[in-house]
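The values are calculated or read from the model by the stated rules, or taken from the named source; none is laboratory data. Since the structure is predicted, the reported quantities are computational estimates derived from the model, not experimental observations. Note that each Cβ is placed from the backbone with ideal geometry, even for glycine, and that neighbours are counted across all protein chains shown. When the accessible area is computed, the model is the full protein with side chains, heavy atoms only, and any ligands, DNA or RNA have been set aside. Shrake-Rupley method; radii C 1.70, N 1.55, O 1.52, S 1.80 Å.
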Amino acid sequence: DDCDKTCYSLGFGSIYPDIFQRAAIKDHVKLQLCLFSIQYASAKSWIDCGVHPSALVGHSFGELTALCVSEALSLEDTVKMIAGRAKIVRDQWGPEKGAMMAVEAELDQVTEVIQSGDSMSIACYNGPRSFTIAGTAQAIDDAAQLISSNAKFSSMRAKKLNVTNAFHSTLVEGLKPSLEDMACDLQFKSPVIPVEFATEQESHRSLSPKFVADHMRNPVYFNHAVQRLSKKYP
């Protein structure tokens, strides 16, 4: 309800009844606002029930929610950020939306698949043997064909993902200036709950509008962040 009131007051309309529907939400802005609202409300409900988080970590979009839960961004500013970036994706992305594919394999095998074609990269390091690769739609189709037809990759498991765009890939590069401009009005603060950012190395940088642009473009090193947390909080 808090998210709904904030979305409505900022001119983005209500998240009701869309957030409860089973059919796909077509509009990027409404889809992203509903996703954020579910994540935020879930985290806040856990905290209201007495959970005291030592730290927060988020995977891709979830890292944006973590900023709000940690109070590094207010609820109002987070809603502005979510809606603003969704509008940029919807209106400026271009005709090549790209594709993403989940892959379970050793890193060297995944790297070999990526290097077999153009316009592909590892978008997410989800676990020791769990990755998401992203690129143009044709490149991902070619990778899927290679994995299924080459005996060398018979132990790999791969599944194309139902996503709107190939986030954390080179296809985001052209959006970075608009993403950074959009974030210039946001008021970033020091988080009340520590956030372990999903970067390759531990990050101590101050939050700024550039973070919003880099977040959508750079790979998600989720496994790296979780491993660091496991050492900090054994």
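Within segment 94-108, is even one residue part of a loop (DSSP other than H, G, I, E, B) and under 21 Å from residue 198 (Cα atoms)?
If we filter segment 94-108 for residues that are part of a loop (DSSP other than H, G, I, E, B), which is where we start, we get 94-98, 105-106.
Next, only the ones that are under 21 Å from residue 198 (Cα atoms) stay: 105-106.
The answer is yes; a qualifying residue exists.
Across segment 56-90, what is the total count of residues that are under 17 Å from residue 10 (Cβ atoms), among the hydrophobic types (A, V, I, L, M, F, W, C) and assigned to a loop (DSSP other than H, G, I, E, B)?
Residues that pass the stated criteria total 1.
Show the residue pairs that are 6+ apart or on different chains and have beta-carbon atoms under 9 Å apart, the first residue being within segment 147-164 and over 14 Å from residue 105 (Cα atoms) and among the β-branched types (Val, Ile, Thr), the second being in a loop (DSSP other than H, G, I, E, B) and open to solvent by 70 Å² or more (accessible area, probe 1.4 Å).
Close Cβ pairs (under 9 Å, with a partner that is in a loop (DSSP other than H, G, I, E, B) and open to solvent by 70 Å² or more (accessible area, probe 1.4 Å)) amount to 163/97; 164/97.
Conditions: (1) within 30 Å of residue 3 (Cα to Cα); (2) in contact with a helix residue (DSSP H, G or I) (Cβ under 6 Å, 6 or more places away or on another chain). Residue 70 meets all but one. Number of the miss?
Here residue 70 meets the rest and fails (2).
Which pairs have Cβ atoms under 8 Å, sit 6 or more apart or on different chains, and link a residue in segment 114-132 that is farther than 12 Å from residue 170 by Cβ and charged (D, E, K, R) to one that is part of a strand (DSSP E or B) and modelled with pLDDT of 95 or more?
Pairs that qualify, where the first residue is farther than 12 Å from residue 170 by Cβ and charged (D, E, K, R) and the partner is part of a strand (DSSP E or B) and modelled with pLDDT of 95 or more, are 129/104.
Picking from 153, 131, which residue would you name as being out of contact with any His (no Cβ under 7 Å at 6 or more places or on another chain), among the aromatic types (Phe, Trp, Tyr) and more than 30 Å from residue 197 (Cβ to Cβ)?
Working: 131 fails: more than 30 Å from residue 197 (Cβ to Cβ).
Step by step, each of 153, 131 is checked, and only 153 is out of contact with any His (no Cβ under 7 Å at 6 or more places or on another chain), among the aromatic types (Phe, Trp, Tyr) and more than 30 Å from residue 197 (Cβ to Cβ).
With the structure loaded, tell me whether residue 95 is surrounded by fewer than 20 Cβ atoms within 10 Å (Cβ to Cβ), closer than 27 Å to residue 212 by Cα, more than 16 Å from the chain's Cα centre (by Cα) and in contact (Cβ under 8 Å) with a residue 24 or more places away in the chain or whether it fails that test.
Working: surrounded by fewer than 20 Cβ atoms within 10 Å (Cβ to Cβ): yes; closer than 27 Å to residue 212 by Cα: yes; more than 16 Å from the chain's Cα centre (by Cα): yes; in contact (Cβ under 8 Å) with a residue 24 or more places away in the chain: no.
Here the answer is no, as residue 95 does not meet what is asked.
When you scan segment 75-92, how many residues do you find that are open to solvent by 10 Å² or more (accessible area, probe 1.4 Å) and either touching a strand residue (DSSP E or B) at 6+ places or on another chain (Cβ under 9 Å) or of a type in the set (A, V, I, L, M) (or both)?
Count: 2.
Being open to solvent by 80 Å² or more (accessible area, probe 1.4 Å) and in contact with a strand residue (DSSP E or B) (Cβ under 9 Å, 6 or more places away or on another chain) is the filter here, so list the residues in segment 175-207 that pass it.
200
Which members of segment 201-225 meet the condition of being free of Cβ contacts under 8 Å to residues at least 40 places away in the same chain and of a type outside the set (Lys, Arg)?
Of everything in segment 201-225, those that are free of Cβ contacts under 8 Å to residues at least 40 places away in the same chain and of a type outside the set (Lys, Arg) turn out to be 201, 202, 203, 204, 206, 208, 209, 211, 213, 214.
Could you check segment 1-55 and list, in sequence order, the residues that are modelled with pLDDT under 95 and in a helix (DSSP H, G or I)?
28
Here's a check for you: in segment 21-54, which residue that is touching a residue at least 40 places away in the same chain (Cβ under 8 Å) and in contact with a helix residue (DSSP H, G or I) (Cβ under 6 Å, 6 or more places away or on another chain) is farthest from residue 209 (Cα to Cα)?
Out of the qualifying residues, it is 28.
Would you mind stating whether residue 72 is open to solvent by less than 10 Å² (accessible area, probe 1.4 Å), within 13 Å of residue 188 (Cβ to Cβ), touching a residue at least 40 places away in the same chain (Cβ under 8 Å) and not acidic (Asp, Glu)?
Taking the combined requirement at face value, the residue satisfies it.
So which residues in segment 119-165 are open to solvent by less than 20 Å² (accessible area, probe 1.4 Å), in a loop (DSSP other than H, G, I, E, B) and among the hydrophobic types (A, V, I, L, M, F, W, C)?
156
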